[in-house]
Structure formats: structure tokens, C-alpha cells
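In what follows, a single structure is set out as C-alpha cells and then discussed.
The values are calculated or read from the model by the stated rules, or taken from the named source; none is laboratory data. On a predicted model such as this, the values are computed, not experimentally measured, just so you know. Cβ coordinates were reconstructed from backbone atoms using ideal geometry, including for glycine residues, and neighbour counts include every protein chain displayed.
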Amino acid sequence: MQIKINNKPYNCESGETIFSICKRNGIRLPTLCAHPDLLPSEGVCRMCLVETNQSKGLVPSCVQKVSEGLEVRTETENVNKARKINLELLWADHAGKCAACLRNGRCELQKLAKEYDIDGFKFVPRRKELKSENELDLLKDNWSHVVADEKNPCIARDSQYCIECRRCVRICREMQTVEAYGTNYRSSNTNVGTPYEIPLDCIFCGQCSAVCPTAAITEKDEIEKFEKALADPQKMVIVQTAPSVRFTFLEEFGMPPGTFGEKKLVAALKALGANKVFDTILGADLTIVEEAAELIKRVKNKGVLPMFTSCCPSWVVYVEKYYPEFIPNLSSCKSPQQMMGALIKTHYAKKEKFDPKNIVSVSIMPCTSKKYEAARSEMKASGRQDVDIVLTIRELARLIRKKKIDPIKLEDGKFDPALGISTGAGMLFGSSGGVMEAALRTAAEKITGEELGRVDFEVVRGEEGIRCAEIEINDLKLRVAVVHEIRNAKKMLEDLKSGKAQYDFVEVMACPNGCIGGGGQPVPTSPEIRSARIKGVIVRDKGMSIRKSHENPVLKKIYKEFLGKPGGDKAEELLHTKYTNRKNIS
Amino acid sequence: MEIVTKNWEKINPLDINTYIRSGGYEALRKVIRETPLKVVSEIKRSGLRGRGGGGFPTGEKWEITAKIEADEKFIICNLDESEPGVYKDRIIAEKNPHQIIEGLLIGAYAIGAKRAFIYINGHYKKPAEILKIALEQAREKEFVGRGIMGSSIDVEIEIFSGAGAYICGEENALINSIEGKRGEPRLKPPHPPVSGLFGKPTIVNNAETLANVPYIIKRGADVYSKIGPSLSPGTKLFLLEGAVKNKGIFEVPLGTTAEDLIFNSLYGGGMEDGKEFWFAQIGGASGRLMPRGKLDQLLIYGPSEYPIGAGSILVVDKMADIKDLLFSWADFFHRESCGKCVPCREGTYRLWEIAKWLKNNDLKERDRENIEDILWTLSNTTFCPLGNFAAVAWSDAISMFSEEIFGK
């Protein structure tokens, strides 16, 4: 079928919406409720209205399907009038504290307001920002119900920034099936929030904060804690950075997604005053070696199978809350962050003769959920909290901007060598399928005792929600699956329960495409952006001289000097953990 | 002309026998001996249009669902009536509940639904109780339930009480409400006759519409279609209120003029003593304002300059303060907006805010421009018609009485 948009012909399929055709052809339509990670919009924000030859009034392009002979105009006087008035209405209902806002400069409402020349308030603001005495009375009258939720360990909500676009409601339901969000009250008191306005009870994945157009939902900001530690001369600030954030960090500073930013990231952390900067990839390599050993043990001893990876804390807590019967399937291995945390405050502190109580262990993560993980009571291998502060890459970038550091202009930095050697395998942790591939590289060599010829397991790469493969290592056949997004994990669990599927080893990541699409990654996010990030990861793995976790020289040394052998007593004590049935706890 | 209000004085709503004695449930008996499609075509031929406000031809709606093969279908009687000044469905339910039940049963049979609902406004406690008793009695008499009147037809009816939200009278919001979801309109298409309650084909009919059905079946489509204008036949319950002498419900053939309704001694009987006609609001809070010069307009469903909506006519005299009226309209729509789309959620709020200032004679210069912008966005950009409705009376008032509102 062919339709006309702004007098130019475009090909399209029946059933497509005007919005998606425009998007494909680079015709920009503003929107505040549609998002590439969501199912087609319900047409809530009314920003993408257009005029057509087939209806009298304006139609929402995100909803309107094409039909024969359709002619669309996307920028008429009425279209722009509608957008402007509706933006004015939203603007006056929004906090309007741009300068102090966490999303300043990255806010979709702010960008549209600028584009449509919204300056000042056409309508009396309903929030606190007006301070002049004569307007204050109006405000008292206008004050609307604000919910600020600080009780969730990872996600902060402040409804004064909320424009009721409902993306959070939809992503939590569609992608994660958790349904932690809903809509409360009605008319102008409508508030997007939680049922009965309880504190947000969820799996902490933070996808809501990644799709929120404003700062109504953000990561729980811990910049201040970090700054305080940096300023304290008594404290030794040791930072670790996750595998994936080196591929996304520079997005925060205007570079395209997938740009390898490891050296600038380390440099920026040093410029901020971090005493040591280590690479979480060492933790990832440890995880792989321990997990491979655990898998081989389970297979050989006919233990509980399939074994599930446990490096994604949202996935772990999802199992604990919704499918506790699968807790025995979770690998007992701690995540890379927590393995690193445990090593920093034990082995490293001992070796360097630091008092662990003076160490502030900080991790830079793509993830909101890691904040929760670090605070779990089991995570005290050193006798105290192993990781003290978890910052998402967004928070770190904010701090760097605040300190007026331009990382791109900094001289390249290098990880401190003590715990800072990276491998290609560990690099892969950043994207869905990476843990699986890294584990297979190690498991295959451990089982066969021979060196792998080709280390790339392409069968586990890709973007499908559930990817299955059968891997043959000698006479051992491993049925593996790689899953991302909880809706797919839920399906996988149900299939296991009903016997429809059988696996030996399953990797699960709660976020789309794994950590590279983490809830704490830079905004905006979309399948295209994540593809570009993944490309960066794969290229980098290929270029690494060491591509297998167990060949990491630092790791080998640590086992030799400190941990003994994988799965041994010391490793068990420091690198493994336990899980709790949380089904009835909220 | 009495169809819906016929026999009201003879019928005891709490006693099904009084309804049966006046010919009740005969239509149902007649219907179950015919094929469902024949029933649909009879209703279609009668020209009956929905009495809830939209005026969509009932038979056509039924036909869509009747022709769909589905394991389950539903029919819902919409008794959510919650527009200020509209209470006709409540009165029907209180005076003759079986007329609604019989119409609903006939509809269920025609479209092939085994389950039916009466969705009733949460504030309607008394009519809900009457309907409940009526339903029990109808079940005892085997008009409702398994094997209706000895046939193999099963129809269960449930009364579902809403929470009193105006938006739940919109059929998709009503369906959401029954499903246990937030009462908000859904995206259309699919329309309910194709995919409605729990994704099944669903017919939603206004209570007054259904109350007309037994008559059509008994007397035949030909008789019915000759009442009133051919495109909009039948009678309609109108509600007269305001500065008119006789207030209340009047059943008149469609096609009657507003002038007749208001001034004819059979109905309104003219203005209250000492009051002078200013304008009439046709169709409830969402209705247009009709000036003296337009009183000769026919009140009909279908294309019309003054849509009759649910049938309320508010007569306003020259003593009335337009600012009070503006406030009451804005107040209603602001309260009842569901909050889903931006222009309605925020626009109705701003209109209400401005109406407050207007009432207190505290209007600023910028508010005048803002009124125009809000009315424009409500009329042109909202998700569902409620947003458009919110602007109707205001827009008329601004263009007709600018001087009274803003001063010279």
C-alpha cells in the first residue's frame, strides 16, 4: 500500500500505524507516551496528533492505522496548536524545577517545551516552584497530591515530576510482568503510582526509570555518599566498574552508543579522586570459573538441573518472590560485583595491609538492582558490607558533569593492575548470552582438558527473548538457554514446570539484551541503541588477547595465593551465597 | 403516546404478576419461537436507535454480534446514567423493572449471549434493590436462568454495581469496570460488538433502549417505525427541568420540537410564572444551548444541530446567572474526567479553575485566551468524546453570551 505523508509517497503495510511509518522514514513526531520498548501506545499524551484527509479532526498517529488513499500532514497549524496547548497544560502540572532536576538536559518534556517555545506558564502552576507572594495563595488552592517514595532501595519516585504518560505502568507489566505500577485517583488528581500507594514493591530492575520521560522515576541517587567518601582523607575509595558500562559511559557525553570508553571512564574516576579503580571483569571471570565448576559438579553428581545463572539480582529476587520452588536451581555463585567486593575487603586489603573498615568499596553499574544486591544481608563475606556504594552509570556521569570534568578531554586512564586485568569473556557479561558464552568457553576446556580451537559460541548470541541450543562437549550434551526480560523468563519457568522444555543450564537477565540494556544505563534506550552497544562488546571481545576467564592471570594468581581451587572451602566461603524464599514477604 | 411509560400506574414493581397481567413477557415468549436472526432483523427494521445519547441503530449493532461465531457473547444493560439532570433510566427501573429485563433477555437471545449484565450506577441503591427483587421473581417464573420458559435457551442475568463514575457510562469504560479494571475508555477499534467484555463480542444497550424492545416485538417493526420521523422513530423520554412549569419525565414521539415540549400544556406548560425564557440546554451537561430562535428544531437522533443526548432539557430563564451555570458544567466534567489523556485531565481542571475565578469576578486578561485554547483542545484532541462534551456548553455560552460573561 502507498500513502502520502506531507505530500510525499511512502510504502507501507496495512495494519501499520502512521507513527511507525513516519518513524521508519525519519519523519519526526513528538511523543511522550510511546516508547520503542513498549507495545504500540494507547494514545495518552496527544503529542503525535496529525491531520489526515480521512477524518475531520486531529488523529493520534500512534494509534491510527493506515488505509488506502490516506494523506497525512504532520505539521499543520492545527497540529502545532494542539501540541502547544497540550504541552502548556502539562508544563503547568509539572514540577518545573529544571535546574535542580536529575534529568535536566535529558528530559523529554523539557526538550519538547523548548522546541515548542514554552516559556513561563500559560496556566497557573500546580506545584511549588512559584515563590512570589501574590501567587502563593493560588498555589495553596492548586496544590496537588504528590507522592514521593524513598522506601525502595533502588528506585526513587517523585510524582511532582510525573506527567502520567504511563510508560512505567506498561513496561513493568509488558516486559517484566511484575505490575508494580498502576493509576490512582482520577481527573486532575490522577496519579501514576503503586496500588494503595504502598512503597514500590518490585524486582528493582529499573526499566521504569529508563523509560520515564522526566525525573518522576529515577535511580536512587547516592552521589552524595560517594562524594563524602571521596572527601574523607581517612577513607580508601576503591571503585570497580562493570563490564557493560565502558560501552555506554560516553553516551552521557555525546558519543554514539557502543563507543569503547573504558580508558576515559577510569580516567574520570581517578580525576574524581578514587584511590583505586578495578575492573569488575575480574569478578566476572571468577564467577565463570566458579559457575563452570558448579555446573560440572551438578551434571556429574546428578544435582539439581537446570542450573540458573545468578549474576542478575533482579532475576534472583524474581525467583525468590514469585517462583521460590526454583531457588535450588539458582547457582550459588555470587555476582561479579559481590565477588569483587568480597575480594577487595579480604584478600586485597590483607595483601596491601589496609584496614577493611577504612575501605569504601564503590561499584559503577548499569543497574539499579545492584544497589539492592549490595545491601543484602548475605553479602558480608568480609564481616561488613562488601560493597558500600553502588552508582549507576547515570549517577556517575551526573557527578562528573557536576564537577565540570570532561572525560573526553582527559588523558586515558588504566585500571590498577592488582585487580584490573580484563578478558574477552568477562567483557561479554555486558550483553545477553555473554555469561553463557563465557561459561561454555571455560566449561568446555575444563571438561575436555584440551584447548578450544574456536572460542565463539555464536548460537547463544542474538536478540530473541529465549534462545536455546544444544552444545556437545565430548560425549556430554548440554542443553542451554539464554533468556532476557522477565516475561520470557516467566515463560521459560512455566515451560520447565509443565515439562515442555528441558535444559541443563540457563542464563537469565531481567533487562532487555542483558546489562547493556540495564535499568541504570544512559537514557534514551531502544533496540537500535542496544544493538550498537552489543556490537561494541563483540568487537572488543574479538580484539582481546585473553578471551577465556580461567586464563586471566590475576585470577590464576588469586586462586594460587588465596582461594585454593574453584569450589573449594575458601571460595565457597567468600564467593558463594544463599537465597531466601520471599514469596510472602513484601 | 406511551411505550416505555405504559401501564406504569398499573404495575407494582415488586410484583412480577402485575407485569405479566399487563402483557409482560409475551414478547419473550414470542421471540424464543423464532430464529435469533429474525429477531435481529425485526429490531433493525423498526429503526430503533440507542437512547443513551449516541443514537446508533440498535438492530445494526445486534447484527454485528449475532453474526459472529464465538464461544461466548455478552449483553449488557447500561444503567450507569450519571449526567446531571438525567434520571430516566432510574425511573424506568423503579417503575417497571421487568420491561428492562425482558428487553435484555430478548437481546441476549437475538445475539446468542448466555450471560447478561445490568451495569447500574453505584448511587442507585433503590433501583438496584428493585431490579434484584424483579430478577429473583423472573428466575422463579423461569424467564431467567437455565431453560427459559421450558425451552433449551439459557440466559443468566447479573446486576453489577459500578462506583458512580460518569465515564463508566462509556461502553468501553463500563466493560473495563466489569472486568475489574480502572474505568477508562479503551482504544477503538475493536468495538465491543466485535471484542468487548473479556475480549468477547459484547452488546451494550441503554436501559431505555431495551425497554422499547418488548413493544417492538409485540406490535411489530412496522407499527413502531411509523411513530415519529422515519430516520429516528419511536418515542423518547424527555426530562424537563429548570424554569419550566411542569418538571419531570415526559414520553413524546421523537421529532417533537423543543417549543412543543416546553410550552405545550400537555408537557412543560410554559415558563414558571414571572420568568422569561432565555435558552434551553438540550441533552444534559454535555448538551448545546438552544436560543429562542431555534426552538422549532425537531428533537431527533441522527444528524441534528442540537443532539438530544440522553433527553434532558434544562430551561433557563433570564434571571439565571450564566457564570453559575458555567461553573456547574466545568465542575462536573472536571470531577468526572478519567485522567487518561492530557487535554481532558488537565483541560477540564483548568476550565474549572477559570470558572471559579469567573464566578468570583476575578478573571484576568490571559484567562480569556486560555478559555479559548482549552475549549479548542478539548474539542479537537481528546481520547474519548467526554472531552469533547466538556467543551460543548461552554463553547456555546462563550459565543452566545460573551457580554454577560466577560462584560462589555
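Condition test on B:I405, is it in a helix (DSSP H, G or I), of a type outside the set (S, T, Y), closer than 30 Å to B:T256 by Cβ and touching a residue at least 24 places away in the same chain (Cβ under 8 Å)? Reasoning before the result, please.
Details: in a helix (DSSP H, G or I): yes; of a type outside the set (S, T, Y): yes; closer than 30 Å to B:T256 by Cβ: no; touching a residue at least 24 places away in the same chain (Cβ under 8 Å): yes.
Judged against the criteria, B:I405 is not a match.
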For segment A:272-386, list the helices (runs of 4 or more DSSP H) that sit wholly inside it and hold at least 2 residues that are within 30 Å of A:R441 (Cα to Cα) and in the same structural domain as A:E494 (by TED's automatic domain parsing); which are they?
A:280-300, A:313-322, A:336-343, A:369-375
Residues of segment A:428-458 classified as surrounded by fewer than 16 Cβ atoms within 10 Å (Cβ to Cβ) and β-branched (V, I, T), total
1
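At pLDDT 95 or above, buried (at least 23 other Cβ atoms within 10 Å of the Cβ), assigned by TED's automatic domain parsing to the domain that holds B:L187 and in a strand (DSSP E or B): is that true of B:I118 in this structure? Before you say what the answer is, go through the steps one by one.
Values: at pLDDT 95 or above: yes; buried (at least 23 other Cβ atoms within 10 Å of the Cβ): yes; assigned by TED's automatic domain parsing to the domain that holds B:L187: yes; in a strand (DSSP E or B): yes.
For B:I118, the condition - at pLDDT 95 or above, buried (at least 23 other Cβ atoms within 10 Å of the Cβ), assigned by TED's automatic domain parsing to the domain that holds B:L187 and in a strand (DSSP E or B) - is met.
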Subset of segment A:1-23, residues of a type in the set (K, R) and touching an Asp or Glu at 6+ places or on another chain (Cβ under 9 Å), comes to A:K4
Output the residue which, of all residues in segment A:193-230 that are assigned to a helix (DSSP H, G or I) and of a type in the set (G, A, S), is surrounded by the fewest Cβ atoms within 10 Å (Cβ to Cβ).
A:A229
Report whether or not B:G311 is surrounded by 20 or more Cβ atoms within 10 Å (Cβ to Cβ) and within 14 Å of chain A (Cβ to nearest Cβ).
no
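Can you find a residue in segment B:315-328 that is within 14 Å of chain A (Cβ to nearest Cβ) and either in a helix (DSSP H, G or I) or at negative phi (or both)?
Filtering segment B:315-328 for residues within 14 Å of chain A (Cβ to nearest Cβ) gives none.
No: segment B:315-328 contains no residue that is within 14 Å of chain A (Cβ to nearest Cβ) and either in a helix (DSSP H, G or I) or at negative phi (or both).
Residue-by-condition table, conditions (1) aromatic (F, W, Y); (2) out of contact with any Lys or Arg (no Cβ under 7 Å at 6 or more places or on another chain); (3) part of a strand (DSSP E or B):
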position: A:T442; (1), (2), (3): no, no, no
position: A:V455; (1), (2), (3): no, no, no
position: A:E472; (1), (2), (3): no, yes, yes
position: A:V480; (1), (2), (3): no, yes, yes
position: A:R487; (1), (2), (3): no, yes, no
position: A:E494; (1), (2), (3): no, yes, no
position: A:K497; (1), (2), (3): no, yes, no
position: A:C511; (1), (2), (3): no, yes, no
position: A:C515; (1), (2), (3): no, yes, no
Can you pull out the strands (runs of 3 or more DSSP E) entirely within segment A:3-116 that have at least 2 residues that are free of Cβ contacts under 8 Å to residues at least 24 places away in the same chain, more than 10 Å from every other protein chain (Cβ to nearest Cβ) and in contact with a strand residue (DSSP E or B) (Cβ under 6 Å, 6 or more places away or on another chain)?
A:8-11
Taking segment A:146-192, which residues are within 14 Å of another protein chain (Cβ to nearest Cβ), in a loop (DSSP other than H, G, I, E, B), closer than 15 Å to A:R126 by Cα and touching a Lys or Arg at 6+ places or on another chain (Cβ under 8 Å)?
A:E164, A:T190
Where B:I371 falls short, out of the listed (1) within 12 Å of another protein chain (Cβ to nearest Cβ); (2) touching a residue at least 40 places away in the same chain (Cβ under 8 Å):
(2)
If B:A285 satisfies all but one of (1) in the same structural domain as B:K44 (by TED's automatic domain parsing); (2) aliphatic (A, V, I, L, M); (3) in contact with a Pro (Cβ under 8 Å, 6 or more places away or on another chain), what's the number of the condition it fails?
(1)
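Does segment B:338-357 hold any residues that are under 14 Å from B:T377 (Cβ atoms) and at the interface with chain A (Cβ under 7 Å from one of its Cβ atoms), and which are they?
The first filter runs over segment B:338-357 and keeps only residues under 14 Å from B:T377 (Cβ atoms), leaving B:341-351, B:354.
Result: B:C341, B:V342, B:P343, B:R345, B:E346, B:G347, B:T348, B:Y349, B:R350.
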Those residues that are of a type in the set (S, T, Y), within 26 Å of B:P57 (Cα to Cα) and touching a residue at least 60 places away in the same chain (Cβ under 8 Å), I need them from segment B:1-46; list them, please.
B:T5, B:Y25, B:S46
Exactly one condition in (1) more than 28 Å from B:L314 (Cα to Cα); (2) assigned to a helix (DSSP H, G or I); (3) aliphatic (A, V, I, L, M); (4) touching a Gly at 6+ places or on another chain (Cβ under 9 Å) is false for B:I75; which is it?
(2)
